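The values are calculated or read from the model by the stated rules, or taken from the named source; none is laboratory data. Given the structure is predicted, the values throughout are model-derived calculations rather than measurements. Backbone-built Cβ (ideal geometry, glycine too); neighbour counts: all protein chains shown. Each accessible area value is taken on the protein alone, full model and side chains, heavy atoms only, with ligands, DNA and RNA left out. Shrake-Rupley method; radii C 1.70, N 1.55, O 1.52, S 1.80 Å.
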Amino acid sequence: MNQKIKTFFIGGLGSNCYHAKDFIEELDEKVLFLNPYIENLQNEEDLLNWFKNEIKDLEEVYLIGHSLGGDLGRYLASQFSQVNKLVLLDGGYLNLDEIMTLDDELTDTKDYFRQQVFTDIEEVIASEKSQSSYWSKNLEEAARNSYRYNSKTKEFELDLDLEKVLNLLRLRRVIKPYDANLDSKDVLFIVPVYKEEPEWRKEALSQLPSNFDITMLENSGHELYTQKPREIAKLINDWINKIENNVKINCNKFR
């Protein structure tokens, strides 16, 4: 891989590096996992400065984002010329204002945090394993590292700062990632196919830009890369190789 190229991955809300490990190990490119959920990103400037510091002086960047990470990724790709290849995993295309109000989303998030409190972490892991179509040691570590032990309450709670998460949800409404212009970028868009599609999702998918390479994946859910890490990685590897080979062919025509 060219030393001037680096690939970055931004997972969905609540994800940690272990969620992505099986997936990342299958990719041809070396990948750096980014975690915006531990940062205090309150506005667009904070988000841009955070990403600028991560990519530093790289000339070319590949960016992969899942869910909320895809929302952030699409916006960042529109703001940084270095990002020339973007992969969106079921993210970066929904106008949430047409689906639910920000107040409702924040209320639901607070309720979710309150519900995610357990006395036995092993039961939580066993439950996740029993409900998963794909499981590995890395996913077990992901589940374990998603919680922290509160010595005062003697319970396990989400290992997330609620206020930082709420700030990111507010920021997503401000940056409007679904509207970010990516005409000059190579974009791979991968989403699951559901038997019963809600109208708002049908409408959003029908409005995808014409330059997106779209893959509709059957027998998968929203957590694409943890459910099918090898399959998703292969789709991305093949897509990148195809684009790079086309560039080489076009360059050879002018020699």
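Would you mind telling me which numbered condition in (1) within 14 Å of the chain's Cα centre (by Cα); (2) of a type in the set (A, V, I, L, M); (3) part of a loop (DSSP other than H, G, I, E, B); (4) farther than 26 Å from Asn211 by Cα Met100 fails?
So the condition that Met100 fails would be (1).
If the Cβ limit is 7 Å and pairs must be 6+ apart or interchain, which residue in the stretch 18-41 that is at pLDDT 95 or above pairs with which residue that is open to solvent by 70 Å² or more (accessible area, probe 1.4 Å) and in a loop (DSSP other than H, G, I, E, B)?
Pairs that qualify, where the first residue is at pLDDT 95 or above and the partner is open to solvent by 70 Å² or more (accessible area, probe 1.4 Å) and in a loop (DSSP other than H, G, I, E, B), are Tyr37/Leu13.
Of all residues in the stretch 65-81, which are without any contact (Cβ under 8 Å) to a residue 60 or more places away in the chain and either within 13 Å of the chain's Cα centre (by Cα) or open to solvent by less than 10 Å² (accessible area, probe 1.4 Å) (or both)?
Gly65, Leu76
So Thr119 clears everything in (1) within 30 Å of Asp46 (Cβ to Cβ); (2) open to solvent by 50 Å² or more (accessible area, probe 1.4 Å) except one condition, right? Which one?
(1)
Can Glu163 be described as open to solvent by 60 Å² or more (accessible area, probe 1.4 Å), of a type outside the set (A, V, I, L, M) and over 19 Å from the mean Cα position of the chain (by Cα)?
So Glu163 fits the description; yes.
Here are some residues: Asp183, Asp161. Which one is farther than 23 Å from Ile99 by Cα and touching a residue at least 40 places away in the same chain (Cβ under 8 Å)?
Residue meeting the stated conditions: Asp161.
Could you figure out which of (1) open to solvent by less than 50 Å² (accessible area, probe 1.4 Å); (2) out of contact with any strand residue (DSSP E or B) (no Cβ under 7 Å at 6 or more places or on another chain); (3) among the charged types (D, E, K, R) isn't true of Glu45?
Every listed condition holds for Glu45 apart from (1).
If a residue has to be open to solvent by less than 50 Å² (accessible area, probe 1.4 Å), part of a helix (DSSP H, G or I) and either more than 13 Å from Asp90 (Cα to Cα) or aliphatic (A, V, I, L, M) (or both) to count, how many in the stretch 186-211 make the cut?
Residues in the stretch 186-211 being open to solvent by less than 50 Å² (accessible area, probe 1.4 Å), part of a helix (DSSP H, G or I) and either more than 13 Å from Asp90 (Cα to Cα) or aliphatic (A, V, I, L, M) (or both): 2 in total.
What is the residue count in the stretch 123-155 for residues that are open to solvent by less than 40 Å² (accessible area, probe 1.4 Å) and either of a type outside the set (Phe, Trp, Tyr) or touching a Lys or Arg at 6+ places or on another chain (Cβ under 8 Å) (or both)?
Applying the first criterion (open to solvent by less than 40 Å² (accessible area, probe 1.4 Å)) to the stretch 123-155 yields 124-125, 136, 138-139, 142-143, 146-147, 150.
Checking the rest, the ones that are also either of a type outside the set (Phe, Trp, Tyr) or touching a Lys or Arg at 6+ places or on another chain (Cβ under 8 Å) (or both) come to 124-125, 136, 138-139, 142-143, 146, 150.
Of the residues in that region, 9 qualify.
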